[in-house]
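Below is one structure, written out as structure tokens; the observations come after it.
The values are calculated or read from the model by the stated rules, or taken from the named source; none is laboratory data. In this text the structure is predicted, and so the values were computed from the model without any measurement. Neighbour counts run over all protein chains shown; Cβ positions are idealised from the backbone, glycine included. Just the protein is used for accessible areas: all its heavy atoms, side chains included, with ligands, DNA and RNA removed. Shrake-Rupley method; radii C 1.70, N 1.55, O 1.52, S 1.80 Å.
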Amino acid sequence: GSDQYRGWFISSLIVSVATHDVAPFKNVVSHGWVLDEHGEQMHKSKGNGVDPTKIANVYGADILRLWVASVDYQQDVRIGENLIKQVADQYRKIRNTLKFISWNLVDYSPKEKVSEFAQVDQYILESLNLLVKNVVNDFDNYNFSDATSQIMTFMSTDLSSFYLDINKDVLYCEGKDSLRRKQVQTVLYRVGETLLALLNPILPFTMDEFNLNMPGERAKNPQYLDYPKAGPVNEEVLEEYIS
């Protein structure tokens, strides 16, 4: 309970400062209570407890992890059947987007270098770079829900509803070796590799599967991959396309 951890926290702080003149920690991250979907505390007598094992068995562990990453843990959070179903819908959208990327890279080789890109390609790549910068900053500050929200927004708005949608004809109708198709595939490959690393701490089982379906030489497990680092964000590319 909150009274117990706060008591331990205060007592350890007082003793350490009194004896060593220094706090016994570098950072402190505290979270709220996990309540049922009606905002009530879980009690055996009420029968409103939520078993995470049952959720994982029905929906999969990654969906439970996605729920954890999506909530503002510094406040009291709610969990229940209806809330988990909403998270499952979000997960389905993520999975469908990743499927589209990997399926359209079946005949692509990362060794094929493309040096020229259309303006819309440059916009997406720069948006991806900005996403990495923001997500890494949020993770460094333990803002997991903000990081997850930004990834979801990028995948649903910039990718699914925009870039992937307008380039379906390019992927399906252009010649297999046409420059435009290779440009789009190269963008999809870079986006896929970045999302693979960004989402790996949140959806490890899904990213393991996605990793096996991406082209080129693969790491045995995404856990071996370095987390992506953002380069300087080219604001001119973003502003020029939007304007």
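Table for the structure above
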quantity: Residues within segment 1-52 that are among the charged types (D, E, K, R) and closer than 24 Å to Glu81 by Cα, tallied; calculated: 6
quantity: Pair list, Cβ under 9 Å, 6 or more apart: segment 166-192 residue among the small types (Gly, Ala, Ser), other residue open to solvent by less than 80 Å² (accessible area, probe 1.4 Å); calculated: Gly175/Arg181; Ser178/Val170; Gly192/Leu98; Gly192/Ile101; Gly192/Ser102; Gly192/Leu105; Gly192/Phe210; Gly192/Met214
quantity: Filter pass, Arg181 being among the charged types (D, E, K, R), at pLDDT 95 or above and buried (at least 19 other Cβ atoms within 10 Å of the Cβ); calculated: yes
quantity: Lys93 open to solvent by 80 Å² or more (accessible area, probe 1.4 Å) and in a helix (DSSP H, G or I); calculated: yes
quantity: Inter-residue pairs, beta-carbon under 8 Å, first without any contact (Cβ under 8 Å) to a residue 24 or more places away in the chain and in segment 26-46, second in a loop (DSSP other than H, G, I, E, B) and open to solvent by 100 Å² or more (accessible area, probe 1.4 Å), 6+ apart; calculated: Glu40/Lys46; Gln41/Trp33
quantity: Filter result (open to solvent by less than 60 Å² (accessible area, probe 1.4 Å) and either assigned to a helix (DSSP H, G or I) or not small (Gly, Ala, Ser) (or both)) within segment 18-41; calculated: Leu35, Asp36, Glu37
quantity: The listed residue being open to solvent by 10 Å² or more (accessible area, probe 1.4 Å), in contact with a helix residue (DSSP H, G or I) (Cβ under 7 Å, 6 or more places away or on another chain) and of a type in the set (Ser, Thr, Tyr), out of Ser149, Ser115, Ser156; calculated: Ser156
quantity: Looking only at segment 230-243, and only at residues there that are small (Gly, Ala, Ser) and either in contact with a Phe, Trp or Tyr (Cβ under 6 Å, 6 or more places away or on another chain) or over 16 Å from Asp158 (Cβ atoms) (or both), the one that is surrounded by the most Cβ atoms within 10 Å (Cβ to Cβ); calculated: Gly231
quantity: Wholly within segment 158-243, helices (runs of 4 or more DSSP H) carrying at least 2 residues that are over 25 Å from Tyr91 (Cα atoms) and β-branched (Val, Ile, Thr); calculated: 235-242
quantity: Every pair of residues 6+ apart whose Cβ atoms lie under 8 Å, when the first sits in segment 64-85 and is open to solvent by 50 Å² or more (accessible area, probe 1.4 Å) and modelled with pLDDT under 95 while the second is polar (S, T, N, Q) and assigned to a helix (DSSP H, G or I); calculated: Asp72/Ser145
quantity: Residues of segment 212-229 classified as open to solvent by 40 Å² or more (accessible area, probe 1.4 Å), in contact (Cβ under 8 Å) with a residue 24 or more places away in the chain and closer than 26 Å to Phe139 by Cα, total; calculated: 4
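The rows are residues; the columns are (1) in contact with a strand residue (DSSP E or B) (Cβ under 8 Å, 6 or more places away or on another chain); (2) of a type in the set (A, V, I, L, M); (3) not in a helix (DSSP H, G or I).
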position: Lys99; (1), (2), (3): no, no, no
position: Leu105; (1), (2), (3): no, yes, yes
position: Glu112; (1), (2), (3): no, no, yes
position: Tyr123; (1), (2), (3): no, no, no
position: Leu131; (1), (2), (3): no, yes, no
position: Asp146; (1), (2), (3): no, no, no
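Conditions tested, residue by residue: (1) closer than 23 Å to Thr206 by Cβ; (2) within 18 Å of the chain's Cα centre (by Cα).
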position	(1), (2)
Gln86	yes, yes
Trp103	yes, no
Ile124	yes, yes
Lys133	no, yes
Asp146	yes, yes
